[in-house]
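Step one of this worksheet: look at the structure below.
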Amino acid sequence: MTRQPLPARSAPRLARLRSRPGAIVAGFVGLAALFYTPILLGLRTFPDGDFTHHFLPFSLYLQNEVLAGRLPLWNAFTYGGHPFLADVQAAIFYPVSNVLLGVTLPWRAPDIRLYFLQVEAIAHIVLGACFMFLLVRRLTARTDAALLAGMTFAFSGYLTGYPPVQLAVLRTAIWLPLILWLLLRAVEAPSAWRRWSAAGVALAAAFLAGHAQTFLYILYSTGAWLAVLLMVRRRTVAERRAWRATAAGIFLTGAVALGLSAPQLLPSIEFAQWSVRASVDYAAVSNGFPLQDTWQALLPGVLTIYSPLYVGVISLGLAFVAAGAALMQRRNLSANTTTPPAPMSLRAGGAFFGGLVVVALLLSYGGNGFLYPLFYWLAPGFSLFRGQERAAYLVALGLSVLAGYGVLALHLLPQRLRAWLATLYTGLV
């Protein structure tokens, strides 16, 4: 099997993009600006809801306290008072929001603050695209695959639908691709302590972003990712020194994440013990997608207002190609080609992200499916949060990575197999 070369005109163009990351970032910025043009021009706002009734007042209060030179410990203007710093959704220590707040600090009018808060949400969409690009570029060694995956993730039904209303979800969700990329690079060079430390910083940023349920998904996904990376590494590296360095690096990542998160983590744990979340039962937290909402993956906006399972029919088809290629090949597809510079082949990567999609989809049904009850009783943390449909986050993320792998598979699979998979996918649709 030989790798099919890119067309003569496109190969130099992609090579130039590969050496000019600024152009890639600018491209994602341009796409986001085009997608959100009515918002940026002030012609529309995000839908009325938690964005305006929860996160806007939080931002205004934080701004006022910073201008007054006070640490925002207690908000006396919410009901009988509210421990503002202890509420993780206040995101007092979240660096991205603080940088944007610092830049826009003089503007105090609520409508201006609302506009800047929407700009922050759009900036997170761009960051999500860039982080996904880094991950898939490393996994596939293909710029076109990484571009498609970045666009799919950033403009999926999940990141463009529900999270902009729940800003804390969006702030937290974008960090997982970066965490996976940093850990991938750290496992490649286990003695490079800066890589392990950077992964800890990214984990801390995800926690400080303010949505504990999404961070729980990140923790479980990160643990599974590390396990798969170590299994793949086990076949190629046997030196005890490398294993000791890897164990020390994992410990360093956790220590950095805990240390940077401590100012928010400790008050939030105490606050949670006094909140209504400390005594919720199964009926209160087991809500999720009805089974019919699975059609969101093909028909956005038909059955539901938001369609977080939607990633686009083309990206879904490429994800199907990647999953099919991973299942049908008994050996690494890139065995006779240029191997991607990462310890994760198409087969292993397709299996991991395909499994992530399946598990997350089953969890998103909540009590309407069979998997969430098991997680409720056996997996720490899953009994604390309602809204199990938010597991669609991992579905969108996994399908985005698989779409990138699908681009790689198109260049590796023989023509006959590509045609068979395309026909099968078309028939299923």
Practice task
Scan segment 87-99 and report the pairs whose first residue is of a type in the set (S, T, N, Q) and whose second residue is modelled with pLDDT under 95 and open to solvent by 30 Å² or more (accessible area, probe 1.4 Å), with Cβ atoms within less than 8 Å and a gap of 6+ or a chain change.
Solution key: Q89/H54
Practice task
Could you tell me whether segment 237-251 includes any residue that is open to solvent by 60 Å² or more (accessible area, probe 1.4 Å), more than 20 Å from A199 (Cα to Cα), β-branched (V, I, T) and at pLDDT below 90?
Solution key: no
Exercise for the section: Could you identify the single residue in L216, L180, L226 that is within 30 Å of G49 (Cα to Cα), touching a residue at least 40 places away in the same chain (Cβ under 8 Å) and either of a type in the set (D, E, K, R) or open to solvent by less than 30 Å² (accessible area, probe 1.4 Å) (or both)? Expected result: L216
Exercise for the section: Please go through segment 149-163 and pick out each residue that is surrounded by fewer than 24 Cβ atoms within 10 Å (Cβ to Cβ) and part of a helix (DSSP H, G or I). Expected result: M151, G157, T160, Y162
Exercise for the section: Please work out which one of (1) surrounded by fewer than 21 Cβ atoms within 10 Å (Cβ to Cβ); (2) touching a residue at least 60 places away in the same chain (Cβ under 8 Å); (3) outside any loop (DSSP other than H, G, I, E, B) is the condition Y372 fails and give its number. Expected result: (1)
Fill in the blank from the handout: When segment 127-139 is checked residue by residue, the ones that are among the aliphatic types (A, V, I, L, M), within 12 Å of the chain's Cα centre (by Cα) and surrounded by fewer than 24 Cβ atoms within 10 Å (Cβ to Cβ) are L127
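If I filter segment 108-117 for residues that are assigned to a loop (DSSP other than H, G, I, E, B) and at pLDDT 90 or above, do I get at least one hit?
Narrowing segment 108-117 to residues assigned to a loop (DSSP other than H, G, I, E, B): 108-109.
Narrowing further to those that are at pLDDT 90 or above: 109.
Yes: one or more hits.
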Problem - Those residues of segment 394-429 which are open to solvent by 10 Å² or more (accessible area, probe 1.4 Å), β-branched (V, I, T) and closer than 26 Å to P308 by Cβ, in sequence order - result: V407, T426, V429
Completion exercise
Exception for R70 within (1) exposed (fewer than 15 other Cβ atoms within 10 Å of the Cβ); (2) touching a Ser or Thr at 6+ places or on another chain (Cβ under 9 Å) falls at (2)
Practice task
Would you be able to say whether some residue in segment 50-65 is more than 20 Å from P163 (Cβ to Cβ) and not in a helix (DSSP H, G or I)?
Solution key: no
Completion exercise
Of (1) open to solvent by less than 20 Å² (accessible area, probe 1.4 Å); (2) of a type outside the set (D, E); (3) not in a loop (DSSP other than H, G, I, E, B), F382 satisfies every one except (3)
Exercise for the section: Could you list all residues from segment 101-117 that are without any contact (Cβ under 8 Å) to a residue 24 or more places away in the chain and either exposed (fewer than 14 other Cβ atoms within 10 Å of the Cβ) or within 21 Å of the chain's Cα centre (by Cα) (or both)? Expected result: G102, V103, P106, W107, A109, D111, I112
Exercise for the section: For segment 22-64, enumerate the residues that are farther than 24 Å from V169 by Cβ and either of a type outside the set (V, I, T) or open to solvent by 20 Å² or more (accessible area, probe 1.4 Å) (or both). Expected result: G22, A23, A26, G27, G30, L41, G42, L43, N64
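From S261, S268, S279, grab the single residue that is closer than 20 Å to Q89 by Cβ and either touching a His at 6+ places or on another chain (Cβ under 7 Å) or open to solvent by 30 Å² or more (accessible area, probe 1.4 Å) (or both). Before the answer, list the steps.
Details: S261 fails: either touching a His at 6+ places or on another chain (Cβ under 7 Å) or open to solvent by 30 Å² or more (accessible area, probe 1.4 Å) (or both); S268 fails: either touching a His at 6+ places or on another chain (Cβ under 7 Å) or open to solvent by 30 Å² or more (accessible area, probe 1.4 Å) (or both).
Within the list S261, S268, S279, the selection yields S279.
The values are calculated or read from the model by the stated rules, or taken from the named source; none is laboratory data. Predicted model only: the values in this text are computed from it and were never measured. Every residue, glycine as well, gets a Cβ built from its backbone with ideal geometry; the counts of neighbours run over all protein chains shown. In case anyone asks, the SASA skips ligands and DNA or RNA and just uses the protein heavy atoms, side chains included. Shrake-Rupley method; radii C 1.70, N 1.55, O 1.52, S 1.80 Å.
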